[in-house]
Amino acid sequence: MDSAFLLTLLLPVAVVSHVLDLPSKVLFKLGERRELACRMSSCQEKVTFMWTSLEDKPLFASAINKDRESVMVFENVTKNHENTIMCKAFCGKEIKRKTVVVTVYSFPRNPVISRYDRLILGKESVLDCEVSSVYPSDFFTLQWLNGDTVLKTSPQGVLSSPYTFTPSSEHDGKTITCRATLEVEGIPSNETKETSVHMRVLSAPLNLTVSGATNITLGSSVTLTCEAEGNPKPEFTWTALKPDGQFVEMGKSQDLFIHSVSLSDAGTYQCDASNDLGRQNITVSVVVQAPPMDTLIVANPPSSLKEGDPVSISCRSSSVPVTRVVLSRKENGADQVLMTSEGAEISFILHSVKLADSGIFVCEAFNHYGSERTTLNLTVEAHLLEVELQSDSVSDRGSSLVLSCEAFGCPQPEFSWKNPSNMPILRQAKTDGVQSQLFLDPVELEDEGTYICEVTCGSVNKSKQTEVKVFSFPTSPIIKSSGSCLVGEMMKLTCTVHEVFPANLFQILWMDGERELHLEPRSFSSGLTNLTSVYSYRGDRKDQGKLITCKVLLEMDGVPASQVVKTAFTTLSIHYPPRATRITASPLTELKEGEAVSISCISDSFPVGRTVLSKVVDGIQTELMAGDGVETLLTLPSVELDDSGSYVCQASNMYGNHSDSVEITVKAPPRNMTVEILPSTDVQEGQNITICCRSVSFPPPAVILSKLDSGTNIYSLDGVFLLINLTLNDTGLYQVNVTNSLGYETEIFNINVMEKRYDPPMGWKDFIIPAICLGAAAALLGVVVNVWRARKKGSYDLTKCNKGTV
């Protein structure tokens, strides 16, 4: 299909198409009422309109629809009305759309300038220009102008602009402008606003000046004018500085008028200029010219003077101008000039006045207008000098002593220290004002003597003297012994005290408690000496441990109590061999088996030696315990029969020995009894039986053999019973009873005597066993007898019989 044919087909459609009338952009001012119309005039039918927000927010407006027009009404334009809006128009089946961009702006007020009316001269200041309710601010610009000159342009979008500068006096009253421009397309060209203000520069008073004459003749009048710059205009106050340093207000005006000037009007005047920002002052001196007046001569101190006092004589005059001041002294009716000064005042100092300085002093002042003269009568008196020196002193050798001499009634005394030979003392002296001190450090024996303190005050001379006594008593005495003292021997104690002085004032006394033993005669020496005293005694045991005192006394007045007496002590040590050695058994020497006993060995000796505890058995001595000391103690917690015997305590030292003994006996009831029947308990009649009984006990027991069915008792000392030629009647029960004082023990047995069937001849065996038993019995009896004779204390063991047959 060619292009011509296509154009023929589309032409009817274009003819019938309708046009929607709506501007593409609109600009509304905030706060105004605005209307936006959408029209389709070419539609012959009633057009239906629809408004739609293309952004994510409502329209915030109302629509008024007509046949071919729809009006969107914005009652009060706000920032919310900025939007892209589409208008749809329906004409029959045809739909037309068109969009419009709604933009708003605000620029309601002129810029506001602040802080322009209180600028401080010379102080960096900041002016602020601010515009409110501007929209959109991105296209907003602020400028500072001085006339047509741009001072500062702020970046776009800034609603407040500071302008910093340092005000000078030229800025006062000048105009400064702040211009605000909103450059938004569609805004009328008059949307530029500006504000202009007159700057006010404030300053504290400055550039003060005073005009008027300051050198005034006595009796004339004068006007002083004070001028100053400042904003706000300063206020003025005049004050006068008085001689006492106080300011007196003279008036609150720019001019100070003084009528008929007197000498009292001369001085310093001050003008104070002040406003809200500060104050400044300026001083001016007013000089009143007149002949010398109020000429004065004074002495300081003004009271009566003593010899040696310093004095200052001042001469001054209040005349203006003063050409010359002359200070003189009258001698023989004429003025002798002492000093001359070109000025209003002169001073003459006498550092130490004398009696000859008494007299009349003259002060005379001169200037071009005249002169004036005045006098002073100066009187110098002698001092009423008094001297005090400390009283006599007693000092320990090696200590420090200070002699103090004090002068009264003289302000500047002169001191000197001497001895009676008028020779100076070669020791350190220190003078401080009215006191002089002589230091004796350390004090030596040569320092003993008379000291004279001489004081001179002008023409007066006085002295005092004191005595210094020196002693030496540095250490306590020492006691030494000649050696060990044995009872009965003569011994010596030596007491020595070293480096004492003076020896003739010391005494050495030997004491036993409060009892005086020996007094050493006094010694004489011119220097340091060692004093010794010897005390002899004979050693006696009753003196053992006695405390002997050597007391050394210094009989000198003024010595401190702690230095008067010094003592030394020694304890007598008397040596002797052991004596009164004693051994004891506690609680008893006779004990029952199992009881406890303590054996104590005590001796008296010095020095204490060795103590040995032994036991003697059958003449043999066995050491049980030994120790160094006065006592040895052996405890047997449970005694046995074997503990019986003789116990010996022997004490010894270097001078000898001594001993004592004690017998200890241990007793026990019969025990461990055994009974042996030989040859047997079954025998034939006519045979013999030997019964042997053995037991352990002490003391030795009594042994009784009883036939139980007949009541027959047989006693034995050795525990052996011999039954000879037994008969059938001897058959039966027998009992052996072993008894001592502590108890007994028994045993029962049976003897059976059988009938004899034949009588063979006796052989040698029939005699051996009886013989053996008889021999053993005889031997046992001998042993028992020996035991009793020897007073043996211990177990008793009955003899055991030898076996045999009858």
Among the GluC sites (Glu not before Pro) within the range 289-392, which fall in a DSSP loop and have no more than 16 other Cβ atoms within 10 Å of their own Cβ?
Glu342
Protection proxy ranking, peptides 748-754, 35-41, average beta carbon neighbours within 10 Å, highest first
35-41, 748-754
Treating only the Cβ atoms of Lys and Arg (+1) and Asp and Glu (-1) as charged, compute the dipole magnitude of the range 128-282 about its Cα centre; round to the nearest 20 debye.
320
Amide H neighbours of Gln684 under 5 Å, counting only residues 5+ apart in sequence or on other chains, H built in-plane at 1.01 Å?
Met754
Along the charge dipole of the chain, Cβ charges K/R +1 and D/E -1, which of Trp417, Ala334, Val19 sits furthest on the positive end?
Val19
Need one number: nm distance between label points at Ala63 and Leu159, each 7 Å from Cα along Cα→Cβ, rounded to one decimal.
3.4
Which of the peptides 570-576, 514-520, 214-220 is most tightly packed, and how do the rest follow, judged by the mean count of other Cβ atoms within 10 Å per residue?
570-576, 214-220, 514-520
Go through Lys469/Lys551; Lys615/Lys667; Lys592/Lys707; Lys430/Lys469; Lys469/Lys566 and tell me which ones have a Cα-Cα distance over 28 Å in this structure.
Lys592/Lys707
Among Cys91, Gln143, Thr164, which residue has its Cα positioned farthest towards the positive end of the charge dipole of the range 90-166, with +1 placed on the Cβ of Lys and Arg, -1 on the Cβ of Asp and Glu, and the dipole taken about the Cα centre?
Cys91
Efficiency of FRET from Cβ geometry, Lys546 and Ser646, R₀ 30 Å, rounded to 0.05:
0.15
Once you have the Kirkwood Rh of the range 263-336 from its Cα pairs, apply Stokes-Einstein at 20 °C and 1.002 mPa s and quote D in µm²/s.
129
Using the Cα centre of the range 398-478 as the reference point, and only Cβ charges (+1 on K/R, -1 on D/E), how large is the resulting charge dipole? Debye, rounded to the nearest 20.
180
Sequence-separation-based contact order of the chain, relative, with Cα cut under 8 Å and 6+ spacing, percent:
5
Test item: Cα-centred dipole of the chain, Lys/Arg +1 and Asp/Glu -1 on Cβ, debye
2240
Cleavage-rule hits, GluC sites (Glu not before Pro), the range 424-464, DSSP coil, Cβ neighbours within 10 Å at most 16
Glu444
I'd like the accessible area for Leu182: 1.4 Å probe, protein heavy atoms, all chains in place, Å² to the nearest 10.
10
Tilt relative to the chain, helix 765-790 - C-alpha long axis, 0 to 90 degrees, to 10:
60
Answer rounded, prolate or oblate for the chain, using the Cα gyration tensor with square roots of eigenvalues a ≥ b ≥ c: rounded when a/c is under 1.5, else prolate when a/b is larger than b/c, else oblate.
oblate
Less than 15 Å from a label point 7 Å out along the Cα-to-Cβ axis of Thr571: which backbone N atoms in the range 581-602 qualify, by residue?
none
With point charges of +1 on the Cβ of Lys and Arg and -1 on the Cβ of Asp and Glu, referenced to the Cα centre of the range 572-702, which listed residue (Pro669, Tyr647, Ile602) lies farthest in the positive direction of the dipole?
Ile602
Net charge contributed by nearby residues that have their C-beta within less than 12 Å of Pro411 (K/R +1, D/E -1):
-2
Just the accessible area for Met654, please: 1.4 Å probe, Å², rounded to the nearest 10?
140
For the chain, longest principal axis from Cα atoms; helix 3-16 axis from its Cα atoms; angle between them, nearest 10 degrees, is 90
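The values are calculated or read from the model by the stated rules, or taken from the named source; none is laboratory data. Since the structure is predicted, the reported quantities are computational estimates derived from the model, not experimental observations. All Cβ positions, glycine included, derive from the backbone under ideal geometry; neighbour counts span all protein chains shown. Ligands, DNA and RNA are stripped out before the accessible areas are found, and what is left, the full protein with its side chains, is counted by its heavy atoms. Shrake-Rupley method; radii C 1.70, N 1.55, O 1.52, S 1.80 Å.
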